[in-house]
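What follows is one structure encoded as structure tokens, with my remarks underneath.
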Amino acid sequence: QVQLVESGGGLVQAGGSLRLSCAASGRTFSSYSMGWFRQAPGKERQFVAGISWSGSSTYSMHYADFVKGRFTISRDNAKNTVFLQMNSLKPEDTAVYYCNAGTRVSAVVVGTYWGQGTTVTVSS
């Protein structure tokens with residue numbers, strides 16, 4: 001069982017930055033693939049970014065096209081935490097952001113575990 005707790009959301013002006021964190025429980029964090037999804041009001045949940053374990057302490061990062069060049073996903077296995085650095089934020093980035101963990105996490109594969117979400121609001 002893995003528990004995920006997100007933090008770092010808030011209100012920011014367009015063009016600003018936020019850093020989301022997701023703290024995970026469990027002793028096998030390093031082997032989990034992690035990701036961020038978001039859901040805006042009235043819209044479906046969408047994949048934002050993922051960081052997947054490729055074996056031998058190697059990870060690969062992948063992003064939705066709409067955040068490439070603006071968002072960066074990273075992880076600190078010593079702290080059981082995954083981060084999402086969000087720069088050049090736009091009003092359309094406003095959403096609840098969810099952390100996700102599992103064997104695989106990608107735009108087409110959702111992991112088993114979810115956090116409770118953290119709200120990001122970008123004002124114009």
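Taking the Cα centre of region 1-105 as origin and assigning +1 to Lys and Arg Cβ atoms and -1 to Asp and Glu Cβ atoms, the resulting dipole is close to 120 debye.
Within the chain, the longest segment free of exposed loop sites, counting trypsin sites (Lys or Arg not before Pro) that fall outside DSSP classes H, G, I, E and B and have at most 11 other Cβ atoms within 10 Å, spans 69-124. Straight-line reach from Lys68: which lysines have Cα under 24 Å away, leaving out those fewer than 8 places along the same chain? Leaving aside lysines fewer than 8 places away in the same chain, those within reach of Lys68 are Lys43, Lys90. Note: relative contact order over region 1-40, using C-alpha pairs below 8 Å and six or more positions apart, is 40 percent.
In the chain, the DSSP beta bridges split such that about 90 percent are antiparallel, to the nearest 5.
The alpha-carbon of Lys79 sits under 17 angstrom from the alpha-carbons of these aspartates and glutamates, leaving out residues fewer than 8 places away in its chain: Glu6.
With protein chains left intact and a 1.4 Å probe, residues in the chain average 52 Å² of accessible area per residue. Before anything else, pin down the relative contact order of the chain: Cα pairs under 8 Å, at least 6 apart, normalised by residue count, whole percent. With pairs under 8 Å counted, the relative contact order is 36 percent.
The values are calculated or read from the model by the stated rules, or taken from the named source; none is laboratory data. Every value quoted in this text rests on a predicted model; they were computed, and no experiment measured them. Cβ coordinates were reconstructed from backbone atoms using ideal geometry, including for glycine residues, and neighbour counts include every protein chain displayed. Areas reflect the complete protein model, heavy atoms only, side chains present, ligands, DNA and RNA absent. Shrake-Rupley method; radii C 1.70, N 1.55, O 1.52, S 1.80 Å.
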